[in-house]
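One structure is given here, and the rest of the page talks about it.
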Amino acid sequence: MTYCLGIKVASGLVAIADRRLTSGTEVSSNRKMSVHEVENHSLFIMTSGLRSVRDKAITYFNEVLAERDRSFNKLYKAVNAFGEQVKRVAQEDKASIIAGGMHFNLNAIVGGQLEDDEEHKLYMLYPEGNWVEVDQGSPFKIIGNSGYGKPLLFRNLSYETSLQEALKIGFLAFDATRVSANDVDYPLDVVVYPKDSFHMTEYRLEKEDMDEVSHQWSALLSNSVRKLPTYWMDPIFDKVKSRV
């Protein structure tokens, strides 16, 4: 399983991807995010699904970028091109993958800004090669193990959230997933893209880098639970007492 989170706020983009790979009982680590930058062309791709499908689609796409990068003046055109490579891999490998009892399940999050984009963009690409654009109403997308982090993101993230707060909230959503699922773990790759900068800053977070933050967050949650009012429970436990 995978955890990849893309966030779009007014001031830029945040991308977070774990590196944990599981195959049966085997556990390994591999990068799930790739970054491409040439002058005013900046984009990242995060993927979830079969590694063989991902590696092949990314290899094909890198060849397309090398040949046609200048023809992609807007990010959606690059996303279309990547979608074509996903469909190409599907034509080549999908039947044999299904025959082997597996699913052709490559999903991707693509973000960035190209020279003629008025602002930074974030897209969710599906295995069929079609996509949706992330907008202000729901400023994030998760692929992979998505259930555990969503409540925190829905409660705390908005389009007006700063890049710093978006990264903080994104990490806490990852942390909620990590402690709830054994198929998501460190190291964690982070990309931050300020609007109109045409430069992506990459950083890797290890477990020891974030242990203190994780423990502090856990303590804050426990303390908050204890501080919640209990008056609403009184009628329930009065009824319990009356039956004892």
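The values are calculated or read from the model by the stated rules, or taken from the named source; none is laboratory data. In this text the structure is predicted, and so the values were computed from the model without any measurement. Glycine also receives a Cβ, built like all others from the backbone with ideal geometry; neighbour counts cover every protein chain displayed. Each accessible area value is taken on the protein alone, full model and side chains, heavy atoms only, with ligands, DNA and RNA left out. Shrake-Rupley method; radii C 1.70, N 1.55, O 1.52, S 1.80 Å.
For residue 122, work out the one condition from (1) under 18 Å from residue 2 (Cβ atoms); (2) without any contact (Cβ under 8 Å) to a residue 40 or more places away in the chain; (3) among the hydrophobic types (A, V, I, L, M, F, W, C); (4) part of a strand (DSSP E or B) it doesn't fulfil.
Condition (2) is where residue 122 drops out.
Inside the stretch 198-217, can you point out the residues that are surrounded by 15 or more Cβ atoms within 10 Å (Cβ to Cβ), polar (S, T, N, Q) and not in a helix (DSSP H, G or I)?
none
Can you tell me which residue is surrounded by the fewest Cβ atoms within 10 Å (Cβ to Cβ) among those in the stretch 62-105 that are farther than 17 Å from residue 45 by Cα and β-branched (Val, Ile, Thr)?
98
If a residue counts only when it is farther than 16 Å from residue 75 by Cα and modelled with pLDDT of 95 or more, which strands (runs of 3 or more DSSP E) contained entirely in the stretch 2-46 have at least 2 such residues?
Here the list reads 3-9, 12-18.
Please verify whether residue 55 is farther than 24 Å from residue 169 by Cβ and not β-branched (Val, Ile, Thr), treating the condition exactly as stated.
The answer is yes for residue 55.
Working only within the stretch 42-61, note down all residues that are hydroxyl-bearing (Ser, Thr, Tyr) and either open to solvent by 30 Å² or more (accessible area, probe 1.4 Å) or without any contact (Cβ under 8 Å) to a residue 24 or more places away in the chain (or both).
52, 59, 60
Only one of 193, 126, 159 is under 18 Å from residue 50 (Cβ atoms) and modelled with pLDDT of 95 or more; which?
Only one candidate qualifies: 126.
Out of 193, 159, I need the residue that is touching a Pro at 6+ places or on another chain (Cβ under 8 Å), of a type in the set (Phe, Trp, Tyr) and either farther than 18 Å from residue 138 by Cα or surrounded by fewer than 19 Cβ atoms within 10 Å (Cβ to Cβ) (or both). Which one?
Answer to the selection: 159.
Given the conditions (1) under 24 Å from residue 76 (Cα atoms); (2) small (Gly, Ala, Ser); (3) in contact (Cβ under 8 Å) with a residue 40 or more places away in the chain, which single one is not true for residue 173?
(1)
Among the numbered criteria (1) hydrophobic (A, V, I, L, M, F, W, C); (2) under 30 Å from residue 49 (Cα atoms); (3) out of contact with any Phe, Trp or Tyr (no Cβ under 9 Å at 6 or more places or on another chain), which one does residue 244 miss?
Among (1) hydrophobic (A, V, I, L, M, F, W, C); (2) under 30 Å from residue 49 (Cα atoms); (3) out of contact with any Phe, Trp or Tyr (no Cβ under 9 Å at 6 or more places or on another chain), the lone unmet condition for residue 244 is (2).
Just to be sure I understand the filter: pairs with C-beta atoms under 7 Å, separated by 6 or more residues or on different chains, first member in the stretch 222-233 and over 19 Å from residue 176 (Cα atoms), second member part of a helix (DSSP H, G or I) and hydroxyl-bearing (Ser, Thr, Tyr). Which pairs pass?
Sorted first by the residue in the stretch 222-233, then by its partner, the list stays empty.
Test each condition in (1) of a type outside the set (A, V, I, L, M); (2) surrounded by fewer than 22 Cβ atoms within 10 Å (Cβ to Cβ); (3) farther than 21 Å from residue 139 by Cα for residue 117 and report the one that comes out false.
Evaluating residue 117 over (1) of a type outside the set (A, V, I, L, M); (2) surrounded by fewer than 22 Cβ atoms within 10 Å (Cβ to Cβ); (3) farther than 21 Å from residue 139 by Cα leaves (3) as the failure.
Could you check the stretch 128-146 and list, in sequence order, the residues that are out of contact with any Phe, Trp or Tyr (no Cβ under 6 Å at 6 or more places or on another chain), open to solvent by less than 50 Å² (accessible area, probe 1.4 Å) and outside any strand (DSSP E or B)?
129, 134, 138, 146 - these are the residues of the stretch 128-146 that are out of contact with any Phe, Trp or Tyr (no Cβ under 6 Å at 6 or more places or on another chain), open to solvent by less than 50 Å² (accessible area, probe 1.4 Å) and outside any strand (DSSP E or B).
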